[in-house]
Amino acid sequence: MTEVSIPIEQLRQQQPRYQGISPGHRACLGCGQALAARLVTEASGPDIMIANATGCLEIFTTPWPESAWKVPWMHSLFENTGAIASGIEAALKAQGKSSKVIAMGGDGGTFDIGFQALSGMLERDHNILYICYDNEAYMNTGVQRSGSTPHAAMTNTSPPGKARMGKRHLKKDIISIIASHHIPYAATASVAYPSDIRKKVRRAMHIEGPTFLQIHAPCPLGWGHDGSQSIAIARLAVETGLFPVIELERGALANVMPIRNIQPVTAYLKAQQRFRHLFKKADQRVKEELAHLQALADHNIEVYGLQSDHTDKLDTRGAALVHRRGKHWA
Amino acid sequence: MPILTRGAFAQADTAKMYKTGSWRIQKPYHQHFSAPCHNACLAGEDAQAWLAYFSEGHIQKAWETLVSVNPLPGVSGRVCHHPCETACNRGQYDEALAIHHIERYLGEQAIQHGWNYPLLSQTRHVEKIAIIGAGPAGLSAAYHLKQRGYKVDIFDNLPVAGGLLQIALPPYRLPRNALQAEIERILALGIDFQAQKQLGRDFSLEELHPQYAAIFLAIGRQNSREWQVDGVIPHHLQNGLDMLKEWIALGKLDIPDRLAVIGGGNTAIDLARILRRAGAKEVHLITHQAHPDSSENDMMNAIPREIIQAEEEGVQLHTQRGIQRLLLRGEQVIGVEMTRMQTMQHADGRSERVSFRGTETVLHVDQVVPAIGQQLDLKALEHLSTTVEGMPVTVHGQTDQPHIFAGGDMCLRSSGTVSGAIGDGYRAAIAIHHTLQNTPLPHPTQTTTITVEQLNLHYYESSPRLHTATLTVEERCKNDASAEVETGFNDEQAKKEATRCLSCGNCMACDNCWTFCPDSAILKTQENASNSSHYVFDYDYCKGCGLCKTECPCGFIIMQDEA
Ligand SMILES: Cc1cc2nc3c(=O)[nH]c(=O)nc-3n(C[C@H](O)[C@H](O)[C@H](O)COP(=O)(O)OP(=O)(O)OC[C@H]3O[C@@H](n4cnc5c(N)ncnc54)[C@H](O)[C@@H]3O)c2cc1C
Ligand SMILES: Cc1ncc(C[n+]2csc(CCOP(=O)(O)OP(=O)(O)O)c2C)c(N)n1
Ligand code: SF4
Ligand code: SF4
Ligand code: SF4
Ligand code: SF4
Ligand SMILES: [Mg+2]
């Protein structure tokens with residue numbers, strides 16, 4: 001049994017890193033989004049204001065009448081975070097205040113219903129960092145497909161059956177659409193790489209103007225995996241090429257996280273119940289779907305040049321390495 | 001709690017009032033597992049522990065941790081067969097850590113900087129302990145008893161302490177300045193070394209008993225095992241260990257051109273190597289055991305590295321060969337007749353050496369030297385139950401007499417190694433201490449060793465083991481025959497190699513758990529928590545997701561069902 005000589009609440013006050021979210025939130029066990037949001041606040045620091053779309057993050061951090069947030073935070077509707085954040089930013093500007101506004105939404109709130117408000121926010125050049133927690137479905141309402149749900153994944157509205165093998169359509173290439181707004185900085189990141197998230201948030205915080213960060217965040221409930229595997233699965237998404245970790249400046253590709261040991265997509269898919277229909281029996285349809293998913297990953301690796309040539313120390317392997325006394329964390 | 005109306009606002013940071021720990025069905029714990037290097041070390045060293053200090057740059061603290069168990073790291077770092085490295089988990093990832101090289105480096109640093117042994121206990125006891133034999137077993141026991149506050153006298157029939165290390169291990173792999181420095185540091189703790197006092201000649205066990213509360217016997221094996229060929233013992237042959245001792249004492253040997261050494265252990269190999277250094281043109285080593293490169297069970301006992309170096313130096317190995325008879329011209333040996341042999345396993349587990357008819361060959365040599373092992377000299381041990389094959393003792397060296405303990409080569413269970421002897425001395429010292437203080441001996445608990453599967457290897461970079469230079473064969477045999485063959489690590493190499501340690505089963509304070517917990521339920525402490533980790537679980541909020549366990553590289557976190 002672990003014991004320390006000071007009260008645990010006091011110890012919590014002495015932690016060497018700022019966190020904008022406290023425990024007590026009601027996220028599921030091993031929630032990738034809860035972790036991602038906390039990592040964002042670790043890098044942003046306390047001088048921020050958040051507009052948060054309806055969705056898991058909003059729900060699990062603010063069970064009435066409590067809040068897990070330590071920073072000013074406002075709940076928007078599901079569809080209008082971009083607009084709410086724009087308003088906050090304009091108001092702050094009018095008051096001559098410099099707090100950074102951060103908009104947060106799920107993939108549903110970003111790729112689908114909130115997209116118009118987001119696009120307007122980018123187009124109007126607001127000084128806002130927009131963060132999309134991408135768990136690839138509408139989780140908060142019980143796992144419905146979104147524009148972000150990957151091809152062939154099972155959700156309650158894309159069930160596998162005789163007619164089709166899970167979601168018929170492809171995952172929307174949101175980062176390209178965002179980048180086409182010609183904004184200064186747009187990037188993707190994964191909860192498997194906390195230092196990378198924090199670096200990207202810091203970078204975006206320093207940019208005057210609209211910036212966008214899409215964070216891949218496994219959802220144990222919706223993806224059908226044990227909460228203990230969230231990081232391992234997030235890492236596999238990156239290492240297969242299915243989720244490219246990239247940075248775009250003014251729409252142009254500026255940087256990628258190269259993959260040291262490229263993994264087959266089956267390693268990633270097998271670990272999740274939402275793809276279990278692809279492993280039940282190896283008929284022709286299944287073979288084709290698996291080959292299709294592998295082709296999508298290969299395509300990403302090719303277009304973004306993700307294969308590591310071992311020159312970048314912070315490739316998928318290097319970025320994960322540990323050191324005594326945590327000397328490696330950014 | 002503030003009263004809030006609908007549509008108003010929530011106070012910041014109030015979700016903490018709700019304790020999500022109540023959701024938990026599995027609970028994470030910190031669990032220190034023994035690293036394989038620790039369990040494999042015959043001296044009892046916990047390499048993981050001292051490597052941790054080392055890789056954090058606390059070199060002296062690393063040495064102090066090491067010598068709190070093994071007071072002779074400069075010796076063991078050079079001559080131990082390092083089973084720790086055979087067991088090292090890193091071996092299943094890329095290459096095992098060069099533990100012995102770092103151990104040796106620490107031994108060197110301590111000598112260079114004149115470090116003193118850490119004070120392990122403040123207590124002083126009135127009891128006096130007698131130790132017979134100043135080999136590694138006796139020295140280790142003396143050190144540990146002195147460190148526990150006893151008065152210790154060592155008796156040895158030789159004029160110098162060190163046992164076989166001093167008189168039989170060739171200086172080309174155990175330089176005498178390193179040996180001497182470590183022996184002197186032990187004796188300087190205030191141990192009385194009584195030289196040239198032989199048990200059985202100058203005193204008996206019975207005479208010692210009234211003065212000394214306990215006796216630790218560590219007299220090694222003084223009699224050479226007799227070699228039989230064709231049913232007779234050729235008494236006129238000079239024995240291998242004696243020749244080795246002579247060369248070490250005098251630096252030269254009177255030998256013919258061609259010799260055959262019989263045996264597959266360290267003595268045989270060392271003898272063969274010094275024969276080459278002493279100028280022999282042909283040195284053959286004949287053993288019924290198999291070459292370490294083969295996949296046979298019955299492998300040569302000598303350390304593989306030494307066998308390879310012997311071959312480099314021109315020693316010709318005849319493995320899995322037996323000698324049928326000596327070829328004589330009058331009294332003079334002119335050769336041997338060899339046959340092929342193999343050790344065969346029977347279904348019931350017995351093994352038997354079989355020689356194959358029709359494979360006889362003749363080897364012409366001028367001298368045959370048996371070096372097939374040593375036996376216990378029973379003189380002066382009459383009152384203890386033992387045979388020439390070794391004295392039966394417990395793990396803690398207890399004999400059939402309560403105040404007499406024994407360890408090292410003389411025991412039946414001995415591994416015949418330096419590290420085994422050091423460990424025997426350590427364990428016997430603990431047993432003597434508990435016996436005298438009338439406290440129960442700690443159970444030799446079988447600690448669970450952490451396997452490589454329990455680690456998360458994703459977090460470690462693959463990196464090759466560092467190697468050091470060895471002298472060329474010319475440098476070894478032609479120039480200074482005593483020059484140390486293997487070079488040690490320099491500062492940079494030692495540091496680099498130490499950081500390759502995976503920290504199996506113990507927290508390396510990497511912050512992974514602290515960073516990944518989605519519920520901020522792991523807190524970092526500046527001071528150590530009671531379990532030696534730097535982190536504590538806040539069970540008020542931990543939901544028991546198990547993420548921290550999965551992502552701990554060292555296997556230091558386990559999950560257990562909630563009671
Ligand atoms: C050539 C050679 C090479 C070896 N190489 C290695 C190696 O590379 N690695 C390894 O791990 N092991 C090696 N060994 C084995 C190792 O040396 C022994 O296992 C180890 O020294 C045993 O230690 P000990 O303290 O039990 O006995 P010893 O080292 O034999 O010491 C016994 C001491 O007791 C003294 N003594 C004996 N009888 C009496 C008496 N009646 N009264 C008083 N004093 C007495 C002796 O003088 C001696 O000092 C080698 C052995 C030999 C011979
Ligand atoms: C206009 C509107 N339609 C539907 C809903 C119901 N609703 C609340 S959250 C949510 C899904 C959220 O999905 P996403 O944005 O991906 O966030 P997640 O919960 O997955 O984190 C839906 C459909 C709503 N609140 N408002
Ligand atoms: S449903 Fe998924 S995203 Fe929502 S709290 Fe649970 S794990 Fe997190
Ligand atoms: S990696 Fe380190 S702790 Fe693990 S067995 Fe090897 S030396 Fe010991
Ligand atoms: S990661 Fe956090 S919540 Fe999950 S088991 Fe570990 S301490 Fe508990
Ligand atoms: S994850 Fe790192 S810091 Fe946490 S217990 Fe394991 S080794 Fe220690
Ligand atoms: Mg979602």
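Residues that are at the interface with another protein chain (Cβ under 7 Å from one of its Cβ atoms), among the charged types (D, E, K, R) and touching a Lys or Arg at 6+ places or on another chain (Cβ under 6 Å) within the stretch B:507-563 comprise B:Asp519, B:Lys543, listed in sequence order. If the requirement is being closer than 30 Å to A:Gly30 by Cβ and either surrounded by 24 or more Cβ atoms within 10 Å (Cβ to Cβ) or away from chain A (no Cβ under 14 Å) (or both), which of these qualifies: B:Ala52, B:Ala35, B:Ala87? Selected residue: B:Ala35, the only one of B:Ala52, B:Ala35, B:Ala87 that is closer than 30 Å to A:Gly30 by Cβ and either surrounded by 24 or more Cβ atoms within 10 Å (Cβ to Cβ) or away from chain A (no Cβ under 14 Å) (or both). Among the residues of the stretch A:82-101, are any open to solvent by 60 Å² or more (accessible area, probe 1.4 Å), basic (Lys, Arg) and either under 30 Å from B:Glu562 (Cβ atoms) or part of a loop (DSSP other than H, G, I, E, B) (or both)? Checking the stretch A:82-101: at least one residue is open to solvent by 60 Å² or more (accessible area, probe 1.4 Å), basic (Lys, Arg) and either under 30 Å from B:Glu562 (Cβ atoms) or part of a loop (DSSP other than H, G, I, E, B) (or both). Scanning the stretch A:72-100 for residues that are over 10 Å from A:Met49 (Cβ atoms) and of a type in the set (A, V, I, L, M, F, W, C), we see that the one that is farthest from the chain's Cα centre (by Cα) is A:Ala94. Here the stretch A:46-66 is the region considered, the condition is being open to solvent by less than 10 Å² (accessible area, probe 1.4 Å) and not in a helix (DSSP H, G or I), and the residue that is farthest from the other protein chains (Cβ to nearest Cβ) is A:Ala53.
Looking at this structure, is B:Thr550 of a type in the set (S, T, N, Q), part of a helix (DSSP H, G or I) and within 16 Å of ligand 3 (Cβ to nearest atom)? So B:Thr550 passes the test.
Sub-6 Å Cβ pairs linking a first residue in the stretch B:329-348 that is touching a residue at least 12 places away in the same chain (Cβ under 8 Å) to a second residue that is in a loop (DSSP other than H, G, I, E, B) and among the hydroxyl-bearing types (Ser, Thr, Tyr), at least 6 apart or interchain, are B:Thr339/B:Thr359; B:Arg340/B:Thr359, ordered by first then second residue. For the stretch B:349-370, name all the residues that are within 22 Å of B:Ser294 (Cα to Cα) and touching a residue at least 40 places away in the same chain (Cβ under 8 Å). Matches in the stretch B:349-370: B:Ser351, B:Arg353. Looking at the stretch B:487-500, is at least one residue buried (at least 19 other Cβ atoms within 10 Å of the Cβ) and under 26 Å from A:Asp196 (Cα atoms)? Within the stretch B:487-500 (the criterion being buried (at least 19 other Cβ atoms within 10 Å of the Cβ) and under 26 Å from A:Asp196 (Cα atoms)), the answer is yes, since at least one residue qualifies.
State whether one or more residues within the stretch B:395-406 are closer than 30 Å to B:Ile557 by Cβ, in contact (Cβ under 8 Å) with a residue 12 or more places away in the chain and more than 16 Å from ligand 1 (Cβ to nearest atom). No, the stretch B:395-406 has no match at all. I'd like the residue in the stretch B:9-28 that is more than 8 Å from chain A (Cβ to nearest Cβ) and in contact (Cβ under 8 Å) with a residue 24 or more places away in the chain and, out of all such residues, is nearest to the chain's Cα centre (by Cα). Going through the qualifying residues, I end up with B:Pro28. Annotation note: of B:Thr394, B:Thr387, B:Thr447, B:Thr361, the sole residue that is surrounded by 14 or more Cβ atoms within 10 Å (Cβ to Cβ) and among the hydroxyl-bearing types (Ser, Thr, Tyr) is B:Thr394.
If you go through the stretch A:91-128 and keep only what is of a type in the set (D, E, K, R), over 15 Å from A:Pro210 (Cα atoms) and more than 14 Å from ligand 7 (Cβ to nearest atom), you end up with just A:Lys97. All conditions but one from (1) open to solvent by less than 50 Å² (accessible area, probe 1.4 Å); (2) touching a Pro at 6+ places or on another chain (Cβ under 8 Å) apply to B:Gln375; the one that does not is (2). Residue check: A:Ala37 meets all listed conditions (1) more than 7 Å from every other protein chain (Cβ to nearest Cβ); (2) touching a residue at least 24 places away in the same chain (Cβ under 8 Å); (3) open to solvent by 20 Å² or more (accessible area, probe 1.4 Å); (4) aliphatic (A, V, I, L, M) but one, namely (3).
The values are calculated or read from the model by the stated rules, or taken from the named source; none is laboratory data. All values reported here derive from a predicted model rather than from experimental measurement. As a convention, Cβ positions derive from the backbone with ideal geometry for all residues, glycine included, and neighbour counts pool all protein chains shown. Just so you know, the surface numbers come from the protein's heavy atoms only, side chains and all, with ligands and any DNA or RNA stripped out. Shrake-Rupley method; radii C 1.70, N 1.55, O 1.52, S 1.80 Å.
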